[in-house]
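Student: Just dropping this structure here.
Every number in this text was worked out from the coordinates using simple rules, so none of it is lab data. Since we're looking at a predicted model, the values are computed, not measured. Backbone-built Cβ (ideal geometry, glycine too); neighbour counts: all protein chains shown.
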Amino acid sequence: MDLPYAASLRALVRPGAAFPREAPPLGRAMGAMLAAWAPPVLVNAALTVWQGLQGYGALRQNGLPSWLAERLARGLGGDPEDLGRLLASLPPPPAFGRIWPWLLLAVPLILLGTWLHHAVWDHTGLWLLGGLKGKRGFRASLGAEAEALRVTALGALVGLLGFVPGLGLLLAVPLLLLDGYLWIFRGFALAARHGCEPWRGVAATVVHAALLGVCALGLGVTLLALLGAVA
C-alpha cells in the first residue's frame with residue numbers, strides 16, 4: 001500500500017508518464033484533487049492566520065522597532081511616540097478560535113476558484129499555441145487541471161516546512177524552484193488530455209504566466225496614472 005502522496009511524487013519525477021491514456025471522469029478527478037489539496041492548504045492557511053494574529057498583537061503591544069519607527073516618523077513628518085500611541089490604539093486581534101471555522105468554508109472555495117482560473121488561462125495559452133488539435137474542448141482542460149493539481153498538492157505539503165523555525169529562510173530558494181516546476185507540470189496534463197506535444201502544454205503554462213504579468217503591469221500603470229491624476 002502506497003504512502004499518502006507517494007504516487008504524486010512518482011508522477012512529478014516522471015511527468016511524461018504521469019497521465020494514463022484514459023482520463024478519469026471529471027467529477028472523480030475534481031474530488032481527488034480536493035481530497036489531496038485541501039488538507040495541506042487548510043493547515044497552511046491556519047498557520048498563516050495564526051502567525052498574522054500573533055504578529056498583529058505583538059505590533060499593537062510592543063510597537064515597531066525603534067529604528068523603523070524613527071525612519072517612518074521622519075518620512076511622515078511626525079513623532080515616533082505618536083506612531084507608538086497610534087499602534088496601541090488599534091483594536092485587539094480577534095481570537096483564532098473565531099476565525100478558523102471560516103477557513104473550512106473559504107479554503108475549498110479558493111481552491112475551486114484557483115482550479116477554474118488555471119483551466120481558463122492554460123486553455124487560452126494552449127489555444128494560442130495551436131495545441132487544441134483534438135478539439136476536445138474546455139472540459140478536457142478542466143479534467144487535466146484537476147489531475148495535475150492533485151499531483152502538485154504535494155508542493156503544498158512540502159511548503160509547510162517553511163513554517164518550521166529556522167527552515168523558512170533556508171528553504172526559500174528551493175521552495176521557489178519547486179513552485180516553478182509545479183507551475184509548468186500542469187502542461188504535461190494538458191498535453192496528455194488534448195493529444196498535443198508536451199512542449200505545447202508546458203509552453204501554455206508559460207504563456208499563462210506571461211499574460212498574468214502583462215495584466216499585473218497594466219493594472220500597476222493604471223493605478224499610478226490614477227494616483228498622479230488625483231495628486
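Student: More than 17 Å apart: what percent of Cα pairs in the stretch 100-153 qualify?
Tutor: Values: 619 of 1431 pairs.
Every Cα pair in the stretch 100-153 considered, those over 17 Å come to 43 percent.
Student: If you don't mind, another one. Which FRET efficiency value, to the nearest 0.05, is calculated for His117 and Trp67 with the Förster distance at 41 angstrom and r the Cβ-Cβ distance? Walk me through the numbers on the way to the answer.
Tutor: Details: r = 41 Å, r/R0 = 0.99.
The pair His117/Trp67 has a calculated efficiency of 0.50.
Student: Still on this structure, please answer the following. Using a Gaussian network for the chain with springs between C-alpha atoms less than 10 Å apart, which of these wobbles most: Leu64, Leu104, Leu171?
Tutor: Per the Cα network of the chain with a 10 Å cutoff, Leu64 tops the list.
Student: Over all directions, the average projected area of the alpha-carbon convex hull for the chain comes to how many nm²?
Tutor: Convex hull of Cα atoms, orientation-averaged projection: 17.3 nm².
Student: Could I ask something else about it? For the residue pair Leu227 and Arg74, what label-to-label distance in nm results when each label sits 7 Å from Cα along the Cα-to-beta-carbon direction?
Tutor: 2.2
Student: Round to the nearest 0.05 the FRET efficiency obtained for Val49 and Leu219 when R0 = 25 Å and r is the Cβ-Cβ distance.
Tutor: 0.40
Student: Pick from Arg150, Arg98, Arg14 the residue whose mean-square fluctuation is largest in a GNM of the chain, springs joining Cα atoms under 10 Å.
Tutor: Judging by the Gaussian network model, the answer is Arg98.
Student: Okay, helix-only estimate at 222 nm for the chain: each DSSP H run of n ≥ 4 adds -39500 (n - 2.57), divide by all residues, round to 500 deg cm²/dmol; what do you get?
Tutor: About -27000 deg cm²/dmol.
Student: Enter the Cα centre distance for the pair the stretch 115-164 and the stretch 1-56, rounded to the nearest angstrom.
Tutor: Here the answer is 12 Å between Cα centres.
Student: Using a Debye calculation, one point per C-alpha and no hydration shell, please list log10 I(q)/I(0) for the stretch 106-207 at q = 0.11, 0.12, 0.17, 0.21 Å⁻¹ in order.
Tutor: At q = 0.11, 0.12, 0.17, 0.21 Å⁻¹ the computed log10 ratios are -0.36, -0.43, -0.75, -0.99.
Student: Continuing with the same structure: Given the options Leu83, Leu111, Leu126, which has the most mean-square fluctuation in a GNM of the chain, springs set between C-alpha atoms less than 10 angstrom apart?
Tutor: Leu83
Student: Label Val173 and Val13 with points 7 Å out from Cα along Cα→Cβ: what is the distance between them in nm?
Tutor: Result for the modelled spin labels: 2.5 nm.
Student: Can you give me the span-like helices of the chain, meaning DSSP H runs with 30 Å or more of Cα extent along the axis and Kyte-Doolittle mean at or above 0.0?
Tutor: Correct list, ordered by number: 26-62, 96-128, 137-159, 172-194, 198-230.
Student: Could I ask something else about it? Kindly provide the trypsin sites (Lys or Arg not before Pro) of the stretch 8-38 that DSSP labels as loop, not H, G, I, E or B, and whose Cβ sees at most 11 other Cβ atoms within 10 Å.
Tutor: Passing sites in the stretch 8-38 are Arg21.
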